[in-house]
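A.B. asks: Quick one: the structure is below, and I'll ask about it shortly.
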Amino acid sequence: QAQLVESGGGLVQAGGSLRLSCAASGIIFSGRTMGWYRQAPGKQRELVAWVSPDGTIDYADSVKGRFTISRDNAKNTVNLLMNSLKPEDTAVYYCNRRYSPITNWGQGTQVTVSS
């Protein structure tokens, strides 16, 4: 069964850190570039970081230098370490494939950064 489960969000003050985790079923994860997305209230979902099966990584400019994405191919997990958080990082964060994301998105995990 294709499934994505995100966790690790919370409320943090500006400048703080959070570590998000995503567990994906193998059919979604194996051999695929995985990404972290976010959606703030009233805005479209945006891609913020992605990692290929061989570890090639890239980030949206808005998070570059602050966020670090990683994956564990043995466990079918992808993580996002977020440092120096800003109020504008407040959003629901999701993981999914970078290319051809599955339609059945997970529930996401809420990240709220207070000023």
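The values are calculated or read from the model by the stated rules, or taken from the named source; none is laboratory data. Please read these numbers as outputs of a predicted model, since none were measured by experiment. Glycine gets a Cβ as well: all are built from the backbone with ideal geometry, and neighbour counts include every protein chain shown. Calculation scope for accessible area: heavy atoms of the full protein, side chains included, ligands and nucleic acids excluded. Shrake-Rupley method; radii C 1.70, N 1.55, O 1.52, S 1.80 Å.
A.B. asks: Could you tell me the distance between the Cα centroids of region 15-30 and region 46-96, to the nearest Å?
C.D. replies: Taking the Cα centre of each part, region 15-30 and region 46-96 sit 8 Å apart.
A.B. asks: Spelling out what I want: for every residue of region 63-77, take phi, set θ = phi - 60°, compute 6.51 cos²θ - 1.76 cosθ + 1.60 (Karplus), and round to whole Hz; glycine and proline get x.
C.D. replies: 10, 4, x, 10, 9, 9, 9, 8, 9, 10, 5, 6, 9, 6, 10
A.B. asks: Further question on the same structure: With an 8 Å Cα cut-off and a minimum separation of 6 or more residues, compute the relative contact order for the chain in percent.
C.D. replies: Details: 279 pairs, mean separation 42.5, N = 115.
Normalised by residue count, the contact order of the chain is 37 percent.
A.B. asks: Still on this model: May I ask you to compute the full-extension gain from Ser114 to Ala60, defined as 0.36 nm times their residue separation minus their alpha-carbon distance, rounded to one decimal in nm?
C.D. replies: Length gained, Ser114 through Ala60: 17.3 nm.
A.B. asks: So, by mean Cβ neighbours within 10 angstrom, what's the order for 1-10, 32-41 with the highest one leading?
C.D. replies: 32-41, 1-10
A.B. asks: Please state, as a whole number in µm²/s, the translational diffusion coefficient that the Stokes-Einstein equation yields for the chain at 10 °C and 1.306 mPa s, with Rh defined as the Kirkwood radius across alpha carbon pairs.
C.D. replies: Taking Rh from Cα pairs, D becomes 114 µm²/s.
A.B. asks: When all C-alpha to C-alpha distances in region 17-66 are sorted into bins of 5 Å, what percent of pairs does each bin hold, rounded to whole numbers?
C.D. replies: Spelled out bin by bin, region 17-66 gives 5, 16, 23, 28, 18, 9, 2 percent.
A.B. asks: For the pair Asp72 and Gln13, what calculated FRET efficiency results from E = 1/(1 + (r/R0)^6), where r is the Cβ-Cβ distance and R0 = 35 Å, to the nearest 0.05?
C.D. replies: Working: r = 29 Å, r/R0 = 0.83.
Result of the calculation: an efficiency of 0.75.
A.B. asks: Still on this model: Run the reach check for Lys64 against lysines, Cα to Cα strictly under 21 Å, same-chain hits fewer than 8 apart removed. What comes back?
C.D. replies: Straight-distance partners of Lys64: Lys43, Lys86.
A.B. asks: Probe of 1.4 angstrom, ligands and nucleic acids ignored: what's the accessible area per residue over region 19-67, in square angstrom? Show your work: numbers first, answer last.
C.D. replies: Numbers: 2490 Å² over 49 residues.
Each residue of region 19-67 exposes 51 Å² on average to a 1.4 Å probe.
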